[in-house]
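Note sheet for the following structure.
The values are calculated or read from the model by the stated rules, or taken from the named source; none is laboratory data. Since the model is a prediction, treat every value here as computed from it, not as a measurement. Cβ sites come from the backbone with ideal geometry, for glycine too, and all protein chains shown count toward neighbours. Heavy atoms of the whole protein, side chains included, go into the accessibility calculation; ligands, DNA and RNA do not. Shrake-Rupley method; radii C 1.70, N 1.55, O 1.52, S 1.80 Å.
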Amino acid sequence: MPPTADVVIVGGGVMGASIAFHLAEAGVRDIVVVERGELACGSSGKPIGGVRAQFSDPLNIELGLRSLRAFQDFAHRPGADIRLDTVGYLFLLTGERQAARFAESVRLQNGLGVPSRMVDPDEARRLCPYLSTEGLVAAVHSPADGHARPGLVVHGYADAASRAGVRFATHTRVTGMGTTGDRVDAVHTDRGTVACSTVICTAGAWSGRIAAMVGVDLPVRPVRRQLAFTERLSPSAPRIPFTIDFTSSAYFHNSDDGLLFGLADPRQADGFDTTWTPEWLDLFRDVVRHRAPALAAMAVTGGWAGLYEVTPDHNALIGRSGELPNFLYATGFSGHGFLQAPAVGEIVRDLHLEREPCVDVAPMSADRFRGGAGDAVRPEAHVV
C-alpha cells in the first residue's frame, strides 16, 4: 500500500476498473484501486453480462448506447478481446398494456438512435426457435444489443490502467476513512492508511457500508441473483438473442456450447449470501415449461450466484457528495452496472476533473431520495 495517492477508488469491479482507466487516460497519475479480494470477485465476475440500450429512461438509454459503442471498440481501446456477441435482446410481452408501454419506449429509443422495434409472436419465434407463442402478445427486438464477458472487460481496463501507472491493491479491506472539515483525507485499510485527495466509491452492493464510514447515505441494498448453465447440447443450440420473458424475468441465451438460464426470485430476501442453490432451478423450469418447453428438460452442469446492488427506483447513484465534495460515487446500478460501465467511467472522470460530463447525470445524484423540492425519483421500467 502506498502512503499517499491523489485518487483512491474503493472497489475493483467493472466500475472501478473503468474509472481507473479513464482517469489514467486523461493524465491522472497517482491512482490506487483498493479491492477486498481479487479483481472482479464480486458481481463483475459473473460469467456473461448483457449489454443493451433498451431502457425506458432516457438517461439509461444514453448510457447504454454510449457504452455499446465502447464495447464494440474495446479491442482497440483499451485493447482486449471481451468476446462480445451482438445477438440482440428479445423482450417477450404477455399483455396488451405491457406491449403498449414497451412500444412507447421503442419510440423513445428510436429517437435516441437505438434500432429497437416491435415484432409479432411469429417473428419472435423465428428469432428464438425455442419459444412457444401461446399467450405471447408481442416482443421487442434490438439487433445492436448482446452480451460479453465481464471478467475480460474488468481485466482489459485494469491491464491498460496498470500500464498507465494505476496501482491495484487487491486482498485489501477498507476499515475506515478519515476526514478533516468537509473533505475525506485518508482511507484506512487492513494493510495500512493512504492519505488522499479524492475517494471514489465503486463498491457495488457494499457501497452503503463504505459511504457510511464518512456519514454519506447511499441507499443500496444487496439482493442475490442466480443463474445456471446447461450441459453441452447436441445438436448445438441455435444462435439466439438474449431472450427475456419480461413478466417472470426468466431469461436465457447462448453460453459456449450450451445455454445460460437466469431468473429473479421475487421471494429473495436482502443479504450478502452468494450461495448457489440448485432448488432455485425449479422456479425457472416452472416458467419455461410454458414459454420455452424444451428448456425445462435440459440438464444443468452447475450455476452461479451474485449480488444486485439495488436502489429504490432501480436507477444508479452517480455523483459527488454535497457534504464531502471530494467523495464521489458510482453504484446502485440494479443489474445494469456492467453494461453502463464504459460511459460511467467517462462521466466520473469528468466529474473528478470538474468538467462537463458527456451525459448529464445530475438526476442520478443520491440526493434525489431526500425528498426536497425539485428532487425526482426516476423509476426504470425495463428491469430484469
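A few comments on the model shown:
- In the stretch 163-181, the residues that are in contact with a helix residue (DSSP H, G or I) (Cβ under 9 Å, 6 or more places away or on another chain) and outside any strand (DSSP E or B): ARG163, ALA164, GLY165, VAL166
- Considering SER248, SER234, the condition of being loosely packed, with under 14 Cβ neighbours inside 10 Å, among the polar types (S, T, N, Q) and in a loop (DSSP other than H, G, I, E, B) is satisfied by SER234 alone.
- Among the residues of the stretch 327-384, those that are at pLDDT below 90 and in contact with a Gly (Cβ under 7 Å, 6 or more places away or on another chain) comprise VAL383, VAL384.
- Among all residues of the stretch 128-149, there is none that is open to solvent by 10 Å² or more (accessible area, probe 1.4 Å), hydrophobic (A, V, I, L, M, F, W, C) and in a helix (DSSP H, G or I).
- The set of residues in the stretch 23-44 being in contact with a helix residue (DSSP H, G or I) (Cβ under 6 Å, 6 or more places away or on another chain) and either within 23 Å of THR275 (Cα to Cα) or surrounded by 24 or more Cβ atoms within 10 Å (Cβ to Cβ) (or both) consists of LEU23, ILE31, VAL33, LEU39, ALA40, GLY42, SER43, SER44.
- Within the stretch 88-115, residues that are within 26 Å of GLY135 (Cα to Cα) reach partners that are hydroxyl-bearing (Ser, Thr, Tyr) and open to solvent by 20 Å² or more (accessible area, probe 1.4 Å) with beta carbons closer than 6 Å, at six or more positions or on different chains, in the pairs THR94/THR247; SER105/SER56.
- Cβ-Cβ under 8 Å pairs, at least 6 apart or on other chains, the stretch 194-205 side at pLDDT below 95, far side open to solvent by less than 10 Å² (accessible area, probe 1.4 Å): none
- Top-ranked residue of the stretch 140-174 - restricted to ones that are of a type in the set (S, T, N, Q) and under 18 Å from ILE19 (Cα atoms), ranked as farthest from the chain's Cα centre (by Cα): SER162
- So GLY50, is it in a strand (DSSP E or B) and closer than 30 Å to VAL166 by Cα: yes
- Note on the stretch 358-371: residues that are open to solvent by less than 30 Å² (accessible area, probe 1.4 Å) and either over 23 Å from ALA212 (Cα atoms) or not charged (D, E, K, R) (or both) total 5.
- Some residue of the stretch 101-112 being within 16 Å of PHE242 (Cβ to Cβ) and open to solvent by 50 Å² or more (accessible area, probe 1.4 Å): no
- Residue selected from the stretch 53-76 under the condition part of a loop (DSSP other than H, G, I, E, B) and open to solvent by 20 Å² or more (accessible area, probe 1.4 Å), by the criterion farthest from VAL154 (Cα to Cα): SER56
- Check on ARG239, under 21 Å from GLN54 (Cβ atoms) and open to solvent by 20 Å² or more (accessible area, probe 1.4 Å): yes
- Between THR193, THR172, THR198, THR202, the distinction of being open to solvent by 40 Å² or more (accessible area, probe 1.4 Å) and of a type in the set (Ser, Thr, Tyr) belongs to THR193 only.
- Cβ separations smaller than 9 Å between residues 6+ apart or across chains give the following pairs from the stretch 37-55 residues that are closer than 20 Å to VAL140 by Cβ to residues that are surrounded by fewer than 23 Cβ atoms within 10 Å (Cβ to Cβ) and among the β-branched types (Val, Ile, Thr): GLY50/VAL384; VAL51/THR86; GLN54/VAL106.
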